[in-house]
Amino acid sequence: MSAAKIPDISKYLTRLPHIWCSGCGNGIVVGAMLRSLEKLNLEQSQVAVVSGIGCSGRAGTYLNLCGFQPTHGRALAFATGVKLGNPKLHVIVLAGDGDTLSIGGNHFIHACRRNIDVTLVLFNNSSYGMTGGQHAPTTPEGYKTTTTPYGNIDGNFDAVDLAKSSGATYIARSTIYHASQLSDLIAKGISHKGFSVIEAMTICPTQYGRMNKLGGAVEMMETLRKDAVSAKKAAGMDTDALKEKLLTGELYVKEGATEYTEAVQNVIAKAQKRRAQ
Amino acid sequence: MKRNDSIRVWTGNDACAEGAIAAGVNFFAGYPITPASEISEVLARRLPEEGRTFVQMEDEIASLSSVVGASFTGMKAMTATSGPGFSLMQENLGFAIEAEIPCVIVDVQRVGPASGVATHPSQGDIMQARWGTHGDHPIIALAPYSVRETYDLTIRAVNLAEKYRSPVLLLSDAVIGHMSENMVVPASDEIEIINRTKPKVSPEEYKPYLAVGGEVPPMASYGDGYIWHTTGIIHDETGFPCTSNPNMIDFQVRRLHDKIAFNRDDIVTVDMRQMDDAEIAVVAMGSVARSAVKAVKMARDRGIKAGLIRLVTIWPFPDEEIIQYTSQLKAFVVPELNLGQIQGQLRQTVEGRTKIVGVNRIDSKLITPEQILESIQNEVKA
Amino acid sequence: MREYYEFRFSGSGGQGIMLMGQILSEAAGAYEMKNVVQTRSYGPEARGGACRSEVIISQDPIDYLEVSKPNFLLALNQEAFDKYLWDLQENGTVVIDPDLVTVDPERVKGFNVFPVPVTAIAKNQVGMPVTANVVALGVMCSVTGVVSRKALESAVLAAAPNGTEKTNLKALAEGYKAASGFNLDQ
């Protein structure tokens with residue numbers, strides 16, 4: 001993609017500068033999300049962003065879009081109400097891995113199960129950044145955080161696997177190194193009729209990177225580049241070669257499943273028909 | 001034989017559900033819990049018939065989350081629960097207060113603490129209703145004492161929520177929720193419906209929290225063309241955080257209180273009976289107020305000048321309405337299904353000017369008129 | 001004194017005890033426009049061995065919400081009889097199914113006891129055992145006259161599932177018939 005084609009997203013931004021540390025990947029994810037809106041040419045007032053609590057949750061504060069930042073972990077449950085209240089809105093949730101998979105884990109699996117037409121952009125930095133770098137349900141075993149000074153002993157979730165087994169119908173993953181792909185995947189997720197999860201692998205050089213000696217932002221991005229393998233390419237690779245790799249791209253797409261706001265409308269039609277009899 | 005079609009024999013929970021429909025509630029999300037489940041069950045059937053939305057969420061936290069989310073889009077949204085579920089809702093209740101999002105939470109109170117006694121009545125959530133969520137905040141709470149009043153107050157709760165951009169609590173209890181009573185269903189043209197005020201300014205000029213001195217800021221619905229943002233972080237009139245501005249934090253939190261306090265006369269309802277010459281006042285609410293009505297009659301039959309102050313609005317507390325009687329009274333008798341939650345607030349209101357005695361039960365049984373009468377008689381003798 | 005009744009229906013879950021309360025409430029409240037309050041056992045209690053449904057019917061507004069001195073008790077099993085007799089008013093009336101309840105004469109001194117085999121009547125005369133509660137309702141209302149037969153019939157019809165209207169009316173009639181020999185002594 002040439003520079004000239006990068007969509008202008010300035011109309012979506014407000015209240016900058018942001019509070020994120022230098023080297024933080026959150027801005028890249030937000031940029032990718034905003035470019036997806038521009039690509040889809042969505043009416044600005046018809047987008048609603050519900051954000052989580054934590055570093056990534058702050059994203060909503062910088063957006064010139066309808067949206068709110070409710071309580072920690074509950075963004076998907078709030079977004080479910082927004083979408084049911086006005087199914088015409090494009091509802092996007094911006095939330096972190098701790099927010100979504102730990103305190104909000106229950107809402108995550110149930111949003112997947114309902115297949116409601118909401119797009120979750122899951123910022124995964126493998127830790128809690130805002131509160132000081134504690135371990136999250138995405139922190140790999142053995143890694144150090146401020147609450148795992150001897151190395152993490154908890155198993156970690158794979159958000160993609162969890163989403164798939166819980167019923168999400170569009171699941172993709174990319175990284176902040178692959179910003180253009182990330183933007184395309186978010187656009188596809190928004191266009192998809194049903195619950196979509198786009199896991200955006202990001203970095204926290206300030207806490208997680210420093211504690212695990214992963215280098216600065218540049219080195220951490222380089223690691224993302226090296227670890228990422230597109231799903232297409234992975235199809236031709238053996239299991240051993242895929243160990244420690246990060247599958248990216250569209251990882252699961254199911255078309256034609258009943259979307260939740262439609263299901264609610266079906267119930268209404270059924271009830272009104274029965275009442276008329 | 002023909003039945004009178006304006007009369008329904010409903011339980012309190014039925015009346016709550018039907019009141020919600022009459023009030024225009026078009027979004028309900030709930031999670032099963034005794035003794036509130038029937039409100040969900042009735043609305044699961046009735047709301048779709050009316051072309052409106054019912055969902056059962058994964059827990060009470062999600063229930064209130066989606067209720068508040070739906071309200072952002074202009075829906076009149078409600079949930080119903082009981083003590084344990086109400087506890088789970090507290091954080092989101094605080095968000096709805098701070099973000100000023102209209103919604104109604106029905107709490108059909110049961111015996112606590114913890115799982116308590118699920119099928120039996122209590123009034124143990126009076127203080128949870130007031131202070132359950134953290135931080136300094138105002139709240140509106142109403143308590144019905146009959147099936148018909150459950151219907152009426154559900155409508156009123158929805159109206160107050162819309163009018164004041166605030167969550168409103170309806171504190172029912174296991175007796176009121178589960179008993180049936182015959183009631184006249186009012187015709188729809190007899191029912192006052194209040195809708196939230198929408199902005200009159202253009203989207204460019206709109207500030208979602210621009211208000212002073214008890215005003216209620218107009219609220220645009222998401223999707224209406226007004227782009228606005230808010231957060232549970234203390235925010236300024238634009239809805240964006242103002243955490244580095246102590247003056248603005250002070251102004252905005254006080255504004256939330258003023259919004260309710262300046263309008264208290266519109267919100268506070270007290271049912272006063274035979275108070276003009278009363279020497280003993282029984283202060284009661286909910287199912288217990290029915291026992292209190294009887295007790296006051298029994299006392300009058302015995303020549304005792306007893307009266308009733310029935311709290312319909314619990315929060316904000318009807319202090320002005322009560323204070324006017326302090327000098328004429330020998331004592332307040334406060335029967336309640338807890339160990340003195342209303343009594344404690346009353347002490348704060350009365351400031352030692354009048355004697356206050358409690359009649360308290362926490363054994364899962366309703367207070368009887370005889371128990372209240374005994375207390376009244378003791379105070380006459382004292 | 002103005003009309004004021006307290007009824008207590010009791011038995012085990014599945015005998016239609018709750019429905020009896022609902023039908024009587026409907027007859028008194030929606031057809032005869034008297035004040036009614038019905039309370040009941042709930043949830044697990046209602047599924048157990050002794051559940052109850054209580055109805056207060058009054059010309060005046062009903063203040064206290066619970067039955068405190070019932071005028072009438074229906075007991076359709078032993079456990080219910082043993083559990084719910086204690087606060088019956090003096091001269092109160094007990095209707096029992098003698099096939100299901102054994103009465104110790106000492107315990108019911110001062111009460112009117114009417115044994116009616118409602119379960120057998122429902123099975124043999126009506127031909128539908130589940131209508132025992134409607135038979136019992138007929139007995140109770142015949143004995144007390146708390147609501148008119150017309151109001152009760154209408155309320156029974158409104159509650160009867162499609163296709164069972166005639167059977168339920170027959171059950172009610174059998175109840176009235178079975179009670180015709182009883183006179184209240186109060």
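The values are calculated or read from the model by the stated rules, or taken from the named source; none is laboratory data. The shown structure was predicted, so the numbers you read here are calculated from the model rather than taken from an experiment. Cβ sites come from the backbone with ideal geometry, for glycine too, and all protein chains shown count toward neighbours.
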Worksheet item: Could you list, in sequence order, the residues of region A:64-88 that are surrounded by fewer than 24 Cβ atoms within 10 Å (Cβ to Cβ) and either under 19 Å from B:Tyr226 (Cβ atoms) or more than 10 Å from chain B (Cβ to nearest Cβ) (or both)?
Response: A:Asn64, A:Asn86, A:Pro87, A:Lys88
Worksheet, complete the sentence: By residue number, the members of region A:1-27 that are outside any loop (DSSP other than H, G, I, E, B), away from chain B (no Cβ under 14 Å) and hydroxyl-bearing (Ser, Thr, Tyr) are A:Ser10
Worksheet item: If we keep just the residues of region B:197-233 that are polar (S, T, N, Q) and within 14 Å of chain A (Cβ to nearest Cβ), which is surrounded by the most Cβ atoms within 10 Å (Cβ to Cβ)?
Response: B:Thr230
Worksheet item: Filtering region B:229-257 down to residues that are hydroxyl-bearing (Ser, Thr, Tyr) and touching a residue at least 12 places away in the same chain (Cβ under 8 Å), which residue is farthest from B:Gly69 (Cα to Cα)?
Response: B:Thr238
Worksheet item: Of B:Arg130, B:Arg156, B:Arg196, which residue is closer than 29 Å to B:Lys259 by Cβ and more than 18 Å from the chain's Cα centre (by Cα)?
Response: B:Arg196
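Out of the residues in region B:364-382 meeting the condition of being away from chain C (no Cβ under 14 Å) and surrounded by fewer than 16 Cβ atoms within 10 Å (Cβ to Cβ), tell me which one is nearest to the chain's Cα centre (by Cα). I'd like the intermediate steps shown before the answer.
As a first pass, look at region B:364-382 and keep what is away from chain C (no Cβ under 14 Å): B:374-382.
Subsequent filtering for residues that are surrounded by fewer than 16 Cβ atoms within 10 Å (Cβ to Cβ) retains B:374, B:378, B:381-382.
Working: B:Glu374: 30, B:Asn378: 32, B:Lys381: 36, B:Ala382: 35 Å.
Taking the candidates together, the pick is B:Glu374.
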Item to complete: May I ask you to say which residue of C:Tyr31, C:Tyr64, C:Tyr5, C:Tyr42 is under 30 Å from B:Lys2 (Cβ atoms) and either free of Cβ contacts under 8 Å to residues at least 60 places away in the same chain or within 11 Å of chain B (Cβ to nearest Cβ) (or both)?
Response: C:Tyr31
Discussion item. Being in contact (Cβ under 8 Å) with a residue 60 or more places away in the chain and surrounded by fewer than 21 Cβ atoms within 10 Å (Cβ to Cβ) is true for just one of C:Lys123, C:Lys83. Which residue is that?
Written reply: C:Lys83
Worksheet item: How about region C:70-86: which of its residues are among the hydrophobic types (A, V, I, L, M, F, W, C) and part of a loop (DSSP other than H, G, I, E, B)?
Response: C:Leu76, C:Leu85, C:Trp86
Worksheet item: Regarding B:Val282, is this residue assigned to a helix (DSSP H, G or I) and of a type in the set (Val, Ile, Thr)?
Response: no
Worksheet entry | Unmet criterion (only one of (1) closer than 30 Å to B:Val296 by Cβ; (2) within 11 Å of another protein chain (Cβ to nearest Cβ); (3) touching a residue at least 60 places away in the same chain (Cβ under 8 Å)) for C:Glu26 | (1)
Worksheet item: For region B:56-89, what are the residues that are facing chain A (nearest Cβ under 8 Å) and charged (D, E, K, R)?
Response: B:Glu58, B:Asp59
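Taking A:Val197, is it in a strand (DSSP E or B) and either in contact (Cβ under 8 Å) with a residue 12 or more places away in the chain or more than 14 Å from chain B (Cβ to nearest Cβ) (or both)?
Working: in a strand (DSSP E or B): yes; either in contact (Cβ under 8 Å) with a residue 12 or more places away in the chain or more than 14 Å from chain B (Cβ to nearest Cβ) (or both): yes.
The answer is yes for A:Val197.
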Worksheet item: Do you know which of the residues in region B:264-279 that are under 15 Å from B:Ile323 (Cα atoms) and assigned to a strand (DSSP E or B) is farthest from the chain's Cα centre (by Cα)?
Response: B:Met272
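For region A:89-104, what are the residues that are more than 8 Å from chain B (Cβ to nearest Cβ) and in contact with a Phe, Trp or Tyr (Cβ under 8 Å, 6 or more places away or on another chain)? Can you show your working first?
Residues of region A:89-104 that are more than 8 Å from chain B (Cβ to nearest Cβ), as a first pass: A:90-104.
Listed by number, the residues that qualify are A:Leu94, A:Ala95, A:Gly96, A:Asp97, A:Gly98, A:Thr100, A:Leu101.
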Worksheet item: Somewhere in region B:27-48, is a residue surrounded by fewer than 22 Cβ atoms within 10 Å (Cβ to Cβ), more than 11 Å from every other protein chain (Cβ to nearest Cβ), in contact with a Lys or Arg (Cβ under 6 Å, 6 or more places away or on another chain) and not hydroxyl-bearing (Ser, Thr, Tyr)?
Response: no
Discussion item. Pairs needed: first member in region B:163-174, within 14 Å of chain C (Cβ to nearest Cβ); second member anywhere, part of a strand (DSSP E or B) and surrounded by fewer than 24 Cβ atoms within 10 Å (Cβ to Cβ); C-beta distance under 8 Å; at least 6 residues apart or different chains.
Written reply: B:Ala174/B:Thr119; B:Ala174/B:His120
Discussion item. Could you go through region B:310-324 and let me know if any residue there is polar (S, T, N, Q) and without any contact (Cβ under 8 Å) to a residue 60 or more places away in the chain.
Written reply: yes
Item to complete: Residue by residue through region B:1-26, note down the ones that are of a type in the set (A, V, I, L, M, F, W, C) and either within 16 Å of B:Asp107 (Cβ to Cβ) or within 14 Å of chain A (Cβ to nearest Cβ) (or both).
Response: B:Ala15, B:Cys16, B:Ala17, B:Ala20, B:Ile21, B:Val25
Worksheet item: All but one of (1) buried (at least 21 other Cβ atoms within 10 Å of the Cβ); (2) assigned to a loop (DSSP other than H, G, I, E, B) hold for A:Val30; which doesn't?
Response: (2)
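Would a scan of region A:210-224 turn up a residue that is assigned to a helix (DSSP H, G or I) and acidic (Asp, Glu)?
Going residue by residue through region A:210-224, those that are assigned to a helix (DSSP H, G or I) are A:210-211, A:217-224.
Okay, now just the ones that are also acidic (Asp, Glu), so A:219, A:222.
Yes, region A:210-224 contains a residue that is assigned to a helix (DSSP H, G or I) and acidic (Asp, Glu).
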Discussion item. From the list B:Pro203, B:Pro186, exactly one residue is in the same structural domain as B:Ala157 (by TED's automatic domain parsing), more than 30 Å from B:Asp136 (Cβ to Cβ) and part of a loop (DSSP other than H, G, I, E, B). Which is it?
Written reply: B:Pro186
Worksheet entry | Among (1) under 21 Å from B:Asn182 (Cα atoms); (2) of a type in the set (Ser, Thr, Tyr); (3) touching a residue at least 12 places away in the same chain (Cβ under 8 Å) - the single one C:Ser10 does not satisfy | (1)
Worksheet item: Exactly one of (1) in a helix (DSSP H, G or I); (2) more than 14 Å from chain B (Cβ to nearest Cβ); (3) not charged (D, E, K, R) is unmet by A:Gln272. Its number?
Response: (2)
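How about region A:48-81: which of its residues are among the aliphatic types (A, V, I, L, M), assigned to a helix (DSSP H, G or I) and over 14 Å from the mean Cα position of the chain (by Cα)?
A:Ala77
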